[in-house]
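The values are calculated or read from the model by the stated rules, or taken from the named source; none is laboratory data. Just so you know, these numbers come straight off a predicted model, no measurement behind them. Don't worry about glycine lacking a Cβ; one is built from the backbone with ideal geometry, like all the others, and counts go over all protein chains shown. Quick note on the areas: whole protein, heavy atoms, side chains included, nothing else; ligands and nucleic acids left out. Shrake-Rupley method; radii C 1.70, N 1.55, O 1.52, S 1.80 Å.
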Amino acid sequence: MITPAEFARRRRELMRMAGRGAALVVAAAPRRMRNADAAWPYRQDSDFHYLTGFPEPDAVLALLPARQRGEVVLFCREHDAARERIEGACVGPEAAVAHFGVDDAFPIEDIDDILPGMLEGRTRLYCHFGRENEFDARLLRWMRRLRSSRGGGVVPREFVSLGHLLHELRLFKSPAELALMRRAAEIAAAAQREALRAVRPGVAEYQVEAALLHALHAHGAVPSYPPTVAAGRNACVLHYNANRGRLAAGDLLLIDAGAEVQCYASDITRTWPVGGRFSRAQCALYDVVAEAQQAAIGEVRVGRAFTAAHTAATRVIVDGLCGLKLLPGSARAALQSGAYKRFFPHKTGHWIGLDVHDVGDYRVDDEPRLLEAGMVVTVEPGIYIPPDDTSVPARWRGLGIRIEDDIVVTAHGQEILAAGLPRGRADVQALCGA
Ligand code: GLY
Ligand code: MN
Ligand code: MN
């Protein structure tokens, strides 16, 4: 759990980075409609959540460094018996001050009257301009109002990208954040195990997905993205999530699924043999991917470049593909020409945190970023042989394998989250057979 004290620490740190002359404004995620008047399940904006833990739409946070009457101001929904009868209770301004550690809270209806005055005297406004049209229009209205109502007072002249500061903070995970991510990974691992119990020839991918979702929800989590449950050649579609196909004996089944716990994500992939035994071709490819992942995980440590894991994984995969004659010529030539990308078309990982593909710069001063303790990355090499690739013998076609884990950079090495979920071929096969 993230404590109110930790949310407060984040806000203080952000204000310190922005400086006394700045104001920072962050909006809650709007409610989004799925179709007609049915809404998608609500998910708070990650930045807004990071700074407040406040769970509602129709809210705006203003951070006003060095303001005498309170630096942290929240605008949120006021109690409204008729609306709350339909949508449930809201927090309300009074409880926001009492429970969310803000200095002041006002009804969101009053923001146009109150906030512009608070921005007066500040030279820079940090915000996410260009993300939500409606909020952009509001920001511009406030600026216009400020300019027209003042004769020469200081009005913010610049919108500065809030992401530069805030996303740098989000890149480094605290012990409490790591605890939530550990839990999210453990639940995703448990969901893989549950899903596996549904795996047998003849069942539909959505039936396996149902077992997976049941496990996620039974642990109080939600999916951190639509799960991929891809049997056979469907695994060659990287973000496949139709999940309408059927499992056949001898197929591989690729499951890429994550849990979200208190807004923190996991992102785990395993590739299982339907029927419990890998074929010889599947074994050969699986071992290459597993070795690539192992090599890449070894590069996730303090001081290594973010790109080192991908370089290591690519080297193993190219060696493996050349050794199996899936790529002609030497490994060196395949690396240089990029010919391997036909079978390994994506990168080996990404930051993960509140967002599955989390925020944070991958390059600094035009160099790959060096890893530091507290960063969390995925390591997810894969090999996918397109079903229609007639340049390789038929036994390879349509095989898709990925192994993905979430790795914390620690002071002395790395921590694989949910490390107990098998990833080596023998252990994977044993678990399937059981
Ligand atoms: N599940 C999305 C990804 O692996 O990046
Ligand atoms: Mn991933
Ligand atoms: Mn994934």
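Just a yes or no: is a residue in segment 291-313 surrounded by fewer than 18 Cβ atoms within 10 Å (Cβ to Cβ) and within 15 Å of ligand 1 (Cβ to nearest atom)?
no
If I filter segment 344-365 for residues that are open to solvent by less than 10 Å² (accessible area, probe 1.4 Å), of a type in the set (A, V, I, L, M, F, W, C) and over 22 Å from the mean Cα position of the chain (by Cα), do I get at least one hit?
no
Can you tell me which residue within segment 249-271, out of those that are within 16 Å of ligand 2 (Cβ to nearest atom) and in a loop (DSSP other than H, G, I, E, B), is nearest to Glu205 (Cα to Cα)? Steps first, answer last, please.
Restricting attention to segment 249-271, the residues satisfying the condition of being within 16 Å of ligand 2 (Cβ to nearest atom) are 254-260, 264-271.
Then drop every residue that is not in a loop (DSSP other than H, G, I, E, B), which leaves 258, 266-267.
Values: Gly258: 17, Ser266: 21, Asp267: 19 Å.
Here the residue is Gly258.
Based on this model, can you work out whether Ala313 counts as in contact with a Ser or Thr (Cβ under 7 Å, 6 or more places away or on another chain), assigned to a helix (DSSP H, G or I) and touching a residue at least 40 places away in the same chain (Cβ under 8 Å)?
Numbers: in contact with a Ser or Thr (Cβ under 7 Å, 6 or more places away or on another chain): yes; assigned to a helix (DSSP H, G or I): yes; touching a residue at least 40 places away in the same chain (Cβ under 8 Å): yes.
The answer is yes for Ala313.
Can you list the strands (runs of 3 or more DSSP E) found entirely within segment 25-120 that contain at least 1 residues being open to solvent by 40 Å² or more (accessible area, probe 1.4 Å)? Can you show your working first?
Numbers: elements: 33-35, 60-63, 72-76, 104-107.
Those strands (runs of 3 or more DSSP E) span 33-35, 104-107.
Quick one: in segment 366-387, of everything that is more than 11 Å from ligand 1 (Cβ to nearest atom) and acidic (Asp, Glu), which residue is least open to solvent (accessible area, probe 1.4 Å)?
Out of the qualifying residues, it is Glu372.
Under 8 Å between Cβ atoms, at least 6 apart or on separate chains: pull out the pairs that start in segment 235-256 with a residue that is modelled with pLDDT of 95 or more and end on any residue that is of a type in the set (Lys, Arg) and buried (at least 24 other Cβ atoms within 10 Å of the Cβ).
Here the result reads Leu254/Arg270; Ile255/Arg270, each pair linking segment 235-256 to a residue that is of a type in the set (Lys, Arg) and buried (at least 24 other Cβ atoms within 10 Å of the Cβ).
What number of residues within segment 371-425 are in a loop (DSSP other than H, G, I, E, B), closer than 23 Å to Cys283 by Cα and charged (D, E, K, R)? Lay out the reasoning, then the answer.
Of all residues in segment 371-425, those in a loop (DSSP other than H, G, I, E, B) come to 371-375, 380-381, 385-393, 397-399, 403, 411-412, 417-424.
Subsequent filtering for residues that are closer than 23 Å to Cys283 by Cα retains 380-381, 385-393, 397-399, 403, 419-424.
Add one more test, that the residue is charged (D, E, K, R), and what stays is 380, 388-389, 397, 423.
The number of residues fulfilling the criteria is 5.
Out of the residues in segment 121-164 meeting the condition of being of a type in the set (Val, Ile, Thr) and modelled with pLDDT of 90 or more, tell me which one is least open to solvent (accessible area, probe 1.4 Å). Break it down stepwise before answering.
Initially, segment 121-164 is screened for residues of a type in the set (Val, Ile, Thr), giving 123, 154-155, 160.
Retained after the next criterion (residues that are modelled with pLDDT of 90 or more): 123, 160.
Numbers: Thr123: 62, Val160: 34 Å².
Of everything passing the filter in segment 121-164, Val160 is least open to solvent (accessible area, probe 1.4 Å).
Could you tell me which residue of segment 225-248 is nearest to ligand 3 (Cβ to nearest atom), considering only residues that are surrounded by 18 or more Cβ atoms within 10 Å (Cβ to Cβ) and in a strand (DSSP E or B)?
Selected residue: Thr228.
Tally time: how many residues in segment 388-402 are open to solvent by less than 40 Å² (accessible area, probe 1.4 Å) and away from ligand 3 (no atom under 16 Å from the Cβ)? Show your work before the answer.
Within segment 388-402, the subset open to solvent by less than 40 Å² (accessible area, probe 1.4 Å) is 389, 392, 396, 398-402.
Next, only the ones that are away from ligand 3 (no atom under 16 Å from the Cβ) stay: 389, 392, 396, 398-399.
Looking only at that region, the number is 5.
Picking from Ser224, Ser266, Ser279, which residue would you name as being more than 14 Å from the chain's Cα centre (by Cα), at pLDDT 95 or above and among the hydroxyl-bearing types (Ser, Thr, Tyr)? If you could, list the steps in order and put the result at the bottom.
Working: Ser224 fails: more than 14 Å from the chain's Cα centre (by Cα); Ser266 fails: more than 14 Å from the chain's Cα centre (by Cα).
None of the other options fit; the residue is Ser279.
If you take the residues in segment 331-343 that are open to solvent by 60 Å² or more (accessible area, probe 1.4 Å) and closer than 17 Å to Val392 by Cα, which one is farthest from ligand 2 (Cβ to nearest atom)? Steps first, please.
In the first step, residues of segment 331-343 are kept if they are open to solvent by 60 Å² or more (accessible area, probe 1.4 Å); the result is 332, 335-337, 341-342.
Those still in the list that are closer than 17 Å to Val392 by Cα too: 341-342.
Details: Lys341: 18, Arg342: 21 Å.
The qualifying residue farthest from ligand 2 (Cβ to nearest atom) is Arg342.
Take the residues in segment 403-434 that are closer than 17 Å to Gly250 by Cα and touching a helix residue (DSSP H, G or I) at 6+ places or on another chain (Cβ under 8 Å); name whichever of them is least open to solvent (accessible area, probe 1.4 Å). Let's see the steps before the verdict.
First, pick out the residues of segment 403-434 that are closer than 17 Å to Gly250 by Cα: 425-426, 428-434.
Retained after the next criterion (residues that are touching a helix residue (DSSP H, G or I) at 6+ places or on another chain (Cβ under 8 Å)): 425, 428, 431-432.
Values: Arg425: 81, Val428: 1, Leu431: 45, Cys432: 28 Å².
Among those that are closer than 17 Å to Gly250 by Cα and touching a helix residue (DSSP H, G or I) at 6+ places or on another chain (Cβ under 8 Å), it is Val428.
Six or more apart or on different chains, Cβ atoms under 9 Å: show the pairs whose first residue is in segment 353-367 and within 19 Å of Ala308 (Cα to Cα) and whose second is within 16 Å of ligand 3 (Cβ to nearest atom) and of a type in the set (D, E, K, R).
His357/Asp267
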